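Novice: My structure is below; once you've seen it, I'll send some questions.
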Amino acid sequence: MTFGKLARVSPVMLLLAGVVLSTASMTNAQEQRLSMLTDPRMVVIPTRTVDEINNDMENARAGKQLADYRRVQAETRLAQVDGTIEGRKVTLGDVDRRKNEAKKAKRETEVMALEIEKKANEQAINLLNKLKDLRKTEVDEAKADAEWAEIDFTALQLETELVRKRTEFDSLNAAGAGDLTLTTSQQVLRELEVRLLKLQQQRAESTQKLASKQKDIISRRMKLHEAQLKLGMPR
């Protein structure tokens, strides 16, 4: 009798055992999936604290303000150089006029002096043009610096949102939220990570652009310095 009852009950017990095993398997799979999401080794973008990010945001904001201030200064210097060049051109035209008058009057000594003055003004204009090129580059560098700061600030804002969503996901996971809720939250995280990575790539490209402008400034300063030395200008 006992054997017969066991024989009749065993299919039900087997079915129940199968359900239990299936449920355990699904639970284990879900735990593995969540473990991969929270495992530091599987995190694409390293986790940082909000304080760390906020500190970087303050630096980016200050950097943008400084870059804008430097741009205004550089544009002012550029305008000053333009004004000086125009003044020299007027002077050069006046020298040519006086030289022609001296030639007509056959004042040879005055003609020689005016030719020397003309050459000096031409050299000055050439030097000022080099300075103008430097000032233009300084304006471009300041603009590139401001652009970098803007991209950096935007990336940091998005990183802050990513931290918030990661915290939200952890809370849902700890509260035993359903698969659909967790999957949706995970999809949001992945999309934020993609967008943040793209911004970080733009920031890296902007860094290279800024470095190129800074190298250009140094190169132009060296050329201007050499030109000053050739003219024997006092330091």
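Novice: Of the conditions (1) among the polar types (S, T, N, Q); (2) over 29 Å from R61 (Cβ atoms); (3) buried (at least 16 other Cβ atoms within 10 Å of the Cβ), Q187 fails just one. Which one is it?
Specialist: (3)
Novice: Checking the structure you have, find out if any residue of segment 210-232 is out of contact with any strand residue (DSSP E or B) (no Cβ under 6 Å at 6 or more places or on another chain), of a type outside the set (A, V, I, L, M, F, W, C) and more than 30 Å from A124 (Cα to Cα).
Specialist: Scanning segment 210-232, I find no residue that is out of contact with any strand residue (DSSP E or B) (no Cβ under 6 Å at 6 or more places or on another chain), of a type outside the set (A, V, I, L, M, F, W, C) and more than 30 Å from A124 (Cα to Cα), so the answer is no.
Novice: Which residues, counting only those in segment 52-88, are of a type outside the set (S, T, N, Q) and over 21 Å from the mean Cα position of the chain (by Cα)?
Specialist: E75, R77, L78, A79, V81, D82, G83, I85, E86, G87, R88
Novice: Could you say which residue among L134, L158 is under 21 Å from K223 (Cβ atoms), touching a helix residue (DSSP H, G or I) at 6+ places or on another chain (Cβ under 9 Å), of a type in the set (A, V, I, L, M) and modelled with pLDDT of 95 or more?
Specialist: L134
Novice: Further question: What number of residues within segment 153-183 are closer than 16 Å to L197 by Cα and assigned to a loop (DSSP other than H, G, I, E, B)?
Specialist: 0
Novice: Which condition does D94 not pass, out of (1) surrounded by 15 or more Cβ atoms within 10 Å (Cβ to Cβ); (2) charged (D, E, K, R); (3) over 18 Å from N126 (Cβ atoms), if it passes all the others?
Specialist: All conditions pass for D94, except number (1).
Novice: State which residue is surrounded by the most Cβ atoms within 10 Å (Cβ to Cβ) when the search covers only segment 190-213 and only residues that are within 14 Å of I45 (Cβ to Cβ) and in contact (Cβ under 8 Å) with a residue 40 or more places away in the chain.
Specialist: My answer is L196.
Novice: Quick check: anything in segment 124-138 surrounded by 15 or more Cβ atoms within 10 Å (Cβ to Cβ), under 30 Å from L189 (Cβ atoms), of a type in the set (A, V, I, L, M, F, W, C) and touching a Lys or Arg at 6+ places or on another chain (Cβ under 9 Å)?
Specialist: No, segment 124-138 contains no residue that is surrounded by 15 or more Cβ atoms within 10 Å (Cβ to Cβ), under 30 Å from L189 (Cβ atoms), of a type in the set (A, V, I, L, M, F, W, C) and touching a Lys or Arg at 6+ places or on another chain (Cβ under 9 Å).
Novice: Out of all the residues in segment 185-220, which are of a type in the set (A, V, I, L, M, F, W, C) and under 22 Å from L158 (Cα atoms)?
Specialist: Scanning segment 185-220 gives V188, L189, L192, V194, L196, L197, L199, A204.
Novice: Look at L78 and say whether it is closer than 30 Å to V139 by Cα and surrounded by 13 or more Cβ atoms within 10 Å (Cβ to Cβ).
Specialist: Here the answer is yes, as L78 does meet what is asked.
Novice: Restrict the check to segment 205-218 and report whether at least one residue is among the basic types (K, R), part of a helix (DSSP H, G or I) and in contact with an Asp or Glu (Cβ under 6 Å, 6 or more places away or on another chain).
Specialist: Yes, the conditions are met somewhere in segment 205-218.
Novice: If I ask for residues that are exposed (fewer than 15 other Cβ atoms within 10 Å of the Cβ) and part of a helix (DSSP H, G or I), which ones from segment 44-60 would you list?
Specialist: Result: V50, D51, E52, N54, N55, E58, N59.
Novice: Just need a number here: residues in segment 41-58 that are at pLDDT below 85 and more than 16 Å from K165 (Cα to Cα).
Specialist: Of the residues in that region, 2 qualify.
Novice: I've got another one for you. G176 versus (1) in contact (Cβ under 8 Å) with a residue 40 or more places away in the chain; (2) farther than 30 Å from Q201 by Cα: which is the lone unmet condition?
Specialist: So G176 meets the others, but not (1).
Novice: Listed residues T184, T207; which is at pLDDT below 95, more than 30 Å from A120 (Cβ to Cβ) and among the β-branched types (V, I, T)?
Specialist: T184
The values are calculated or read from the model by the stated rules, or taken from the named source; none is laboratory data. Computed from a prediction, not measured in an experiment: that's the story for all the values here. Neighbour counts run over all protein chains shown; Cβ positions are idealised from the backbone, glycine included.
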